[in-house]
Amino acid sequence: MILASIKIAAVVLVTLFYSILAIFSVLFDRTGSTYHSIGRTWAKLSLRIFGVKVHLSGVENLEKGKTYVYVSNHASMFDIPAVIGSIPDEVRIVFKKELSYIPIWGWALAVGHYISIDRLSAKDAMKSLDEAAEKIRQGASVLLFAEGTRTRDGKLQPFKRGAFSLAAKSGIPVVPLTINNSFNILPKGSLRVRPADISLTMDKPIPTTSIDGKADEMRLMEAVRVAISKHYVDQG
């Protein structure tokens, strides 16, 4: 328990330090590259402190310099640092607006180059998707969690349409991303961290240029679900 408390305290301090750096970075670098570099360093260091390793496969499916919409499952708070610290791309996260109210860390999310979404307001949520689509068209990749929230039982949950509506708006290929073995590190509602190795598997990008309307979006959603399910292992 003492060692666990020391690790938590260390990550809190690391998070505060890098959050402050991230906030100041937006004052002199509008591109987001410095902001992303700071976030990447924070992610790798936080994972290392907790003894969590990440194994990434499927990099050969990506074209260097190309923009993508990464769509993944979501099982743990460790999913975000695992993705930010491992994928060789400047990925913008779409996060729930409530996180921006957390002092310092949340402020860093709010002033940075990520995209907040208000899940309680359909109008504001659609506006956030339009903002994300514009960022993508300007050359930024985006990560969305298809289930909308973390799984409570370690099983793959039903997918939400928002990620696929965004892909349709942007016309950018979707990369199905499967995250395995993160659920038991820190299940939803738990504060106990159990070190483990996280596996990230990127499938082949799925084109979105021919999507036109809800029916096409639903077919895209099913195709991505099939790709993620192919690699997913129930973690409950």
Label point distance in nm, ARG194-GLU134, each placed 7 Å from Cα along Cα→Cβ: 4.5
Given only helices, namely DSSP H runs of n ≥ 4 each adding -39500 (n - 2.57), what is the per-residue ellipticity at 222 nm of the chain, to the nearest 500 deg cm²/dmol? -14000 deg cm²/dmol
From the cross-link list LYS135/LYS230; LYS7/LYS204; LYS66/LYS160; LYS7/LYS160, which pairs have alpha carbons spaced over 32 Å apart? LYS7/LYS204; LYS7/LYS160
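State whether the range 20-85 is rounded, prolate or oblate according to the following rule on the C-alpha gyration tensor (a ≥ b ≥ c being the square roots of its eigenvalues): a/c under 1.5 gives rounded; otherwise a/b larger than b/c gives prolate, and the remaining case gives oblate.
In terms of gyration-tensor shape, oblate.
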Using a cut-off of 19 Å between alpha-carbon atoms, which aspartates and glutamates can reach LYS97, once sequence neighbours fewer than 8 places away in the same chain are excluded? ASP79, ASP118, ASP124, ASP130, GLU131, GLU134, GLU147
Once both label points are put 7 Å beyond Cα along the C-beta direction, the ALA10-LYS160 separation in nm becomes 3.4
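When N counts the residues of the range 52-231, how does its alpha-carbon radius of gyration compare numerically with 2.2 N^0.38 Å, as a ratio?
Here the answer is 0.98, to two decimals.
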The extension gain from MET218 to GLU60, computed as 0.36 nm times the residue separation minus the Cα-Cα distance, is 54.2 nm
Looking at the chain, do any whole DSSP H helices span at least 30 angstrom along their long axis by alpha carbon and average 0.0 or above on Kyte-Doolittle, and which? 2-28
Per the Kirkwood treatment, what hydrodynamic radius in Å, one decimal, follows for the range 78-117 from the mean inverse distance over all distinct Cα pairs? 10.6
Global geometry of the range 1-159, whether rounded, prolate or oblate, following the gyration tensor of its Cα atoms and the 1.5 cut on a/c: rounded
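Bear in mind these aren't lab numbers, they're just calculated from the coordinates by the rules spelled out. Since the model is a prediction, treat every value here as computed from it, not as a measurement. Glycine gets a Cβ as well: all are built from the backbone with ideal geometry, and neighbour counts include every protein chain shown.
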